[in-house]
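Notes to accompany the following structure.
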Amino acid sequence: MFTKNPYQVMRTYNTLLLDDCMFENPSRSTYTKWLARFYKEFNKAKRKYRDWDNDYINVDDVIDYDFCEIFTTRYFTYHEWTRFENKLHNFQYKLTRYNQMLDNRDIKLFYRFMECFLDQLNNYKTELFELNCCDNCGTNMADEDTVSAYGGDQIICEDCRDSEYYWHDSSDQYVHNEDCDYSEYDDGDEDCDSNFEGVYRYDYDVMERLSKMSLPHEVINRKTMVGGLECEWEARSSCPDDFPQMIDDFFDGRYCMFKGDGSLRNGFEMVTAPCTLAYHKQQLDKLFSWHDWTDSDSNTRVKAWNTDTCGIHVHLNRASFTASQIGKLQVIINEPVNRNFIEAVAGRKANDYAKFKQKRISEGGQRDYNKYEAVNTAHAQSIELRIFRGNATKNGILRVLEFSFALGEYVQQCSFNELHYRDFLKWFKLPRNRADFPYINEWFVRKGYLKDSRPNRLVTNEINEAIDNVVNG
């Protein structure tokens, strides 16, 4: 088996390496192709960059970022590569022994070439595989192995989660075992860092004060679809310090409350009770008709759309969906073929606070603690859609709400093969759906998604009036 012929040595260890990978995923053929191409590149480098006097290859001219990309992400996922890399290190160890036994130039050259490749790869691995760094222990890990703590302000690995963190029920997030600030809340519920009155802490549980709401004729049970609305707003110069408290008083403390948010520069977040869509429409109609919503110059006291800090999040109650229905909703939102449509509806592309990540229907039954995803499933009671751009207009907010409720209704009745956005629009074109969701229907028509529909006249008139006010104001 052992011979001083260097190529026989390489063939021997190729066979051993492949046998070791035989029952791995990807298949043995993937490893065979990888090795064949790697040897090909080695031989090219040996011919072109070999220094015959000093007997080495100038690897800086060969092994760069593109070289590492070819031999990692084009063949393997991060976890597949990690397993294969361990086998390559073992392979290197055996070559070291043969280096000592055989004074052979080719084996020495290949050993150094492979060693330089593995060393250089460490410099690029984080960027190549888009790895995250654990904020607690500093370990690099794939995105699917991360967990958010402190409402997404920290990203930690699963080992740290299991050994040094715990799930804090009151604030619905992971916190460190030694963080005494989360043992009890002794400093009151208000956000001491806020510049505004009536603003609660970010981690305050709104359900301690608010409850599910509906119109008098509506019946709410556990399966009824209700939605909670989170609107992030930045304050304009005309915004009074007690504006959040004014709105809270306007609704008698029953529809919404306000919380601080570290992502905002000088603003606050309106968080509503879980309500039926009809109840939301009634309350938002009151809010935007309220004389104090605008200042003396008829300008809104808050802004959202033309900022880089504000977003809208919609929470749909988890109990109204089965696991597979949640999975279908995740697939529709995250599927690349639907990306342009979803981003158009959302009003923005993916960002660090709402990352698109391709999903499978089977994942609908799992709680993923990566908060900053387009569909956040970390909450025990709700499914959170985080994709929407901030808005401080009635039409914009209602359009977001209607789309969320419509999508929720759609996944409750569609098949597993109807997850393309065109399938959703085909369902939406039914007269009943267009009537139930007039604001998003008007947007679909205006944007050309529903070419044979008629926009709701009332909504169209409201939008035309809003445009005239802006143009003539």
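Scan region 230-240 for residues that are open to solvent by less than 90 Å² (accessible area, probe 1.4 Å) and among the polar types (S, T, N, Q) and jot them down.
S238
So which residues in region 35-79 are closer than 16 Å to N122 by Cα, acidic (D, E) and surrounded by 13 or more Cβ atoms within 10 Å (Cβ to Cβ)?
E69
Step by step: first the residues of region 193-229, then only those that are hydrophobic (A, V, I, L, M, F, W, C), part of a loop (DSSP other than H, G, I, E, B) and open to solvent by less than 90 Å² (accessible area, probe 1.4 Å), then the one that is farthest from H315 (Cα to Cα). Which residue is that?
In this case the residue turns out to be F196.
Only one of K286, K328, K303 is free of Cβ contacts under 8 Å to residues at least 40 places away in the same chain and basic (K, R); which?
Checking each option against the conditions leaves just K286.
Of the residues G365, G347, only one is on the phi > 0 side of the Ramachandran plot and in contact (Cβ under 8 Å) with a residue 24 or more places away in the chain; which?
G347
Only residues that are within 30 Å of R83 (Cβ to Cβ), of a type outside the set (S, T, Y), touching an Asp or Glu at 6+ places or on another chain (Cβ under 9 Å) and assigned to a strand (DSSP E or B): list them for region 133-179, please.
M141, V147, A149, Q154, I155, I156, C157
Does region 291-301 include one or more residues that are open to solvent by less than 40 Å² (accessible area, probe 1.4 Å) and under 27 Å from the mean Cα position of the chain (by Cα)?
No, every residue in region 291-301 fails to be open to solvent by less than 40 Å² (accessible area, probe 1.4 Å) and under 27 Å from the mean Cα position of the chain (by Cα).
Give region 273-316 a look and list any residue that's of a type outside the set (A, V, I, L, M, F, W, C), more than 15 Å from P240 (Cβ to Cβ) and out of contact with any Asp or Glu (no Cβ under 8 Å at 6 or more places or on another chain), or say none.
P274, H280, K281, Q282, Q283, D285, K286, S289, S298, N306, D308 - these are the residues of region 273-316 that are of a type outside the set (A, V, I, L, M, F, W, C), more than 15 Å from P240 (Cβ to Cβ) and out of contact with any Asp or Glu (no Cβ under 8 Å at 6 or more places or on another chain).
Checking the structure you have, find out if any residue of region 268-290 is within 19 Å of the chain's Cα centre (by Cα) and open to solvent by 40 Å² or more (accessible area, probe 1.4 Å).
No, region 268-290 contains no residue that is within 19 Å of the chain's Cα centre (by Cα) and open to solvent by 40 Å² or more (accessible area, probe 1.4 Å).
Find all pairs meeting these conditions: Cβ atoms under 7 angstrom apart; at least six residues apart or on different chains; first residue within region 422-449 and loosely packed, with under 13 Cβ neighbours inside 10 Å; second residue assigned to a helix (DSSP H, G or I).
Every condition considered, the pairs that remain are K447/A344.
So how many residues does region 230-247 have that are outside any loop (DSSP other than H, G, I, E, B) and over 25 Å from R389 (Cβ atoms)?
The total comes to 2.
May I ask you to verify whether Q120 is open to solvent by 20 Å² or more (accessible area, probe 1.4 Å), polar (S, T, N, Q) and at pLDDT 80 or above?
Spelling it out, Q120 is indeed open to solvent by 20 Å² or more (accessible area, probe 1.4 Å), polar (S, T, N, Q) and at pLDDT 80 or above.
Checking the condition in contact (Cβ under 8 Å) with a residue 12 or more places away in the chain, open to solvent by 50 Å² or more (accessible area, probe 1.4 Å) and outside any loop (DSSP other than H, G, I, E, B), which residue from E409, E402, E384 passes?
Every option except E409 fails the conditions.
Please work out if F250 is among the aromatic types (F, W, Y) and farther than 19 Å from G390 by Cα.
For F250, the condition - among the aromatic types (F, W, Y) and farther than 19 Å from G390 by Cα - is met.
Looking at M225, M213, M207, which is the one that is over 27 Å from T307 (Cα atoms) and within 24 Å of the chain's Cα centre (by Cα)?
Being over 27 Å from T307 (Cα atoms) and within 24 Å of the chain's Cα centre (by Cα) holds for just one of M225, M213, M207, which is M225.
So S296 fits all but one of (1) at pLDDT 95 or above; (2) over 21 Å from L407 (Cα atoms); what number is the exception?
Failed condition: (1).
Counting only residues that are outside any helix (DSSP H, G or I) and of a type in the set (S, T, Y), which one in region 356-379 is surrounded by the fewest Cβ atoms within 10 Å (Cβ to Cβ)?
Y372
Looking at region 153-164 only, could you name the residues that are crowded, with 18+ Cβ neighbours inside 10 Å and closer than 16 Å to K371 by Cα?
Q154, I155, I156, C157, R161
Just the residues that are within 27 Å of Q154 (Cα to Cα), of a type in the set (A, V, I, L, M) and at pLDDT below 95, please, taken from region 320-372.
Once the filter is applied, which keeps residues that are within 27 Å of Q154 (Cα to Cα), of a type in the set (A, V, I, L, M) and at pLDDT below 95, region 320-372 yields A350, A354.
The values are calculated or read from the model by the stated rules, or taken from the named source; none is laboratory data. Everything numeric here is computed off the predicted structure, so don't read it as measured data. Cβ: placed from backbone, ideal geometry, glycine included. Neighbour counts: every protein chain shown. All accessible areas refer to the heavy atoms of the entire protein, side chains included, with ligands and DNA or RNA removed. Shrake-Rupley method; radii C 1.70, N 1.55, O 1.52, S 1.80 Å.
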